[in-house]
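Below is one structure, written out as structure tokens; comments come after it.
The values are calculated or read from the model by the stated rules, or taken from the named source; none is laboratory data. On a predicted model such as this, the values are computed, not experimentally measured, just so you know. Here the Cβ is made from the backbone with ideal geometry for all residues, glycine too, and neighbour counts use every protein chain on show. Only protein heavy atoms, including side chains, enter the accessible area calculation; ligands, DNA and RNA are left aside. Shrake-Rupley method; radii C 1.70, N 1.55, O 1.52, S 1.80 Å.
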Amino acid sequence: MAVGVLSTTASAQVTAVRQAAAPTVQAAPDIPVANVKAHLAQFQSIANANGGNRAHGRTGFKASVDYVKGKLDAAGFTTTLQTFTTSGATGYNLIADWPGGDASHVVMFGAHLDSVSAGPGINDNGSGSAGILETALAVSRAGLQPTKHLRFGWWGAEELGMIGSKYYVNNLPTAERAKIDGYMNFDMIGSPNPGYFVYDDDPKLEGVLKSYFASVNVPTEIETNGDGRSDHAPFKSAGIKVGGLYTGGDETKTSAQVAKWGGSTGLFDRCYHASCDTSANISDTSLDRGADSIAYAVWALGTEAPPQPGTVFENTADVQIPDNGAAVTSSVTVSGVTGNAPAALQVGVDIKHTFRGDLVIDLVAPDGSTYRLKNSSTSDSADNVVATYSVNASSEVANGVWKLKVQDIAAQDTGYINSWKLTF
């Protein structure tokens, strides 16, 4: 909840960090769009040789799985071919794990590999599948040593209702689900008349992709059309945080979106679910940006430092609290912490006061959002406030200026903020 501008600030700020902050994550490599297009050419050739499609239950789909698996096996991934049955045919999910990283903190990236029966499905969804494949191969080329465990997935039978991804999630033991910190889905990243739509399901995952697109000066919009229509849905239903990118399908691009992204009014992809969804149905620009956004997310999430318990940011400067007066604030500047604040941010408060029942205390996040720590109460007749509050601040970016806001709302008692701290 947002509040207005605060009336008074501390005259001095002393911020002490009692443990080294997390290091900066490694920079992601550029993903050569030519390499991604080479995978799409292989998918097109597979479709050409197998009745014109790569649909569930057809030989073209299994050949696509075999192609991706061969590349990953050669690159040093541990691959698992998961089978299931739907619509009277065997389906396949391909899972690839990169060795290393904290197995209790898994970050996962996925795309569906099947097409509809009407065509080869090069944008839908050869594009996402090829982008994730080439990013995985870049992980291998870099010899990446992630802090978190990296897992990639290519799903079967998405076009029949996310059957493959549902099967994967439903067959994960509860303990294994709990290890997945986030799943990012890439379904159609090469649309020929593209927009750039970022899933808004989880603030951190959304923020990662928005940061990439901001770095290349490309505006984004929130993705709404795909809610429940792609492979992130089973993960989300299981309580796993999700994010992802979509560059548009059978929706109409508006004139405002043309002004924002270029292209023309009309469909983002006129060949959506049609026989013309071929290698010619791709924007090199959107495919390049989409693949680079995947790599950005893999490196940002996979190499971020694990949480450092006990990292403390503290202000020990005294701030007088006016009796029955305006609110005052004391600030600490948080830096070097990757991502968002924790779901259990610890706020330690030490206020010297002759009647603490007069005091209203809030934590103010860098964006101005306010979290109530303590209400006033006429029956709370003790002195001083020495307490630690736990705040779910997981929607807030960690780095920035945080403030403790204190107001004395009644007369005849005085005091001051002695110190306060944030523990990440």
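Listed here are the residues, each with its yes/no results for (1) closer than 18 Å to Pro192 by Cβ; (2) modelled with pLDDT under 95.
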| position | (1), (2) |
| --- | --- |
| Thr220 | no, no |
| Gly239 | no, yes |
| Gly248 | yes, no |
| Lys260 | yes, no |
| Leu267 | yes, no |
| Gln308 | no, yes |
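To keep it simple, each residue is scored yes or no on (1) more than 15 Å from Trp402 (Cα to Cα); (2) of a type outside the set (S, T, N, Q); (3) not in a strand (DSSP E or B).
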position: Asn324; (1), (2), (3): yes, no, yes
position: Ser331; (1), (2), (3): no, no, no
position: Gly336; (1), (2), (3): no, yes, yes
position: Pro342; (1), (2), (3): no, yes, yes
position: Gln346; (1), (2), (3): no, no, no
position: Asp350; (1), (2), (3): yes, yes, no
position: Val360; (1), (2), (3): yes, yes, no
position: Asp367; (1), (2), (3): no, yes, yes
So Gly249, is it surrounded by fewer than 16 Cβ atoms within 10 Å (Cβ to Cβ), part of a loop (DSSP other than H, G, I, E, B) and not aromatic (Phe, Trp, Tyr): no
Hey, can you tell me all the residues within region 363-373 that are within 30 Å of Thr303 (Cβ to Cβ), in contact (Cβ under 8 Å) with a residue 40 or more places away in the chain and buried (at least 16 other Cβ atoms within 10 Å of the Cβ)? Leu363
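Hey, among Val360, Val347, which residue is touching a Phe, Trp or Tyr at 6+ places or on another chain (Cβ under 6 Å) and open to solvent by less than 40 Å² (accessible area, probe 1.4 Å)?
Working: Val360 fails: touching a Phe, Trp or Tyr at 6+ places or on another chain (Cβ under 6 Å).
From the options Val360, Val347, the qualifying one is Val347.
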Taking region 374-423 on its own, how many of its residues are closer than 30 Å to Glu304 by Cα and surrounded by 21 or more Cβ atoms within 10 Å (Cβ to Cβ)? 8
Residues of region 140-171 satisfying the condition of being open to solvent by 50 Å² or more (accessible area, probe 1.4 Å), within 20 Å of Gly228 (Cβ to Cβ) and not in a helix (DSSP H, G or I): none
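For residues that are under 20 Å from the mean Cα position of the chain (by Cα) and either under 30 Å from Val401 (Cβ atoms) or open to solvent by 30 Å² or more (accessible area, probe 1.4 Å) (or both), tally how many sit in region 269-307.
Pass one, region 269-307, residues under 20 Å from the mean Cα position of the chain (by Cα): 286-307.
Applying the additional criterion that residues be either under 30 Å from Val401 (Cβ atoms) or open to solvent by 30 Å² or more (accessible area, probe 1.4 Å) (or both) yields 288-289, 293, 296-297, 299-307.
Summing the residues that are under 20 Å from the mean Cα position of the chain (by Cα) and either under 30 Å from Val401 (Cβ atoms) or open to solvent by 30 Å² or more (accessible area, probe 1.4 Å) (or both) in region 269-307 gives 14.
Residue by residue, here is whether (1) small (Gly, Ala, Ser); (2) within 25 Å of Ala142 (Cβ to Cβ); (3) touching a Pro at 6+ places or on another chain (Cβ under 9 Å); (4) free of Cβ contacts under 8 Å to residues at least 24 places away in the same chain holds:
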position	(1), (2), (3), (4)
Leu40	no, yes, no, no
Phe43	no, yes, yes, no
Ala55	yes, no, no, no
Thr59	no, no, no, yes
Lys62	no, no, no, no
Ala74	yes, yes, no, yes
Leu81	no, no, no, yes
Thr85	no, no, no, yes
Thr90	no, no, no, no
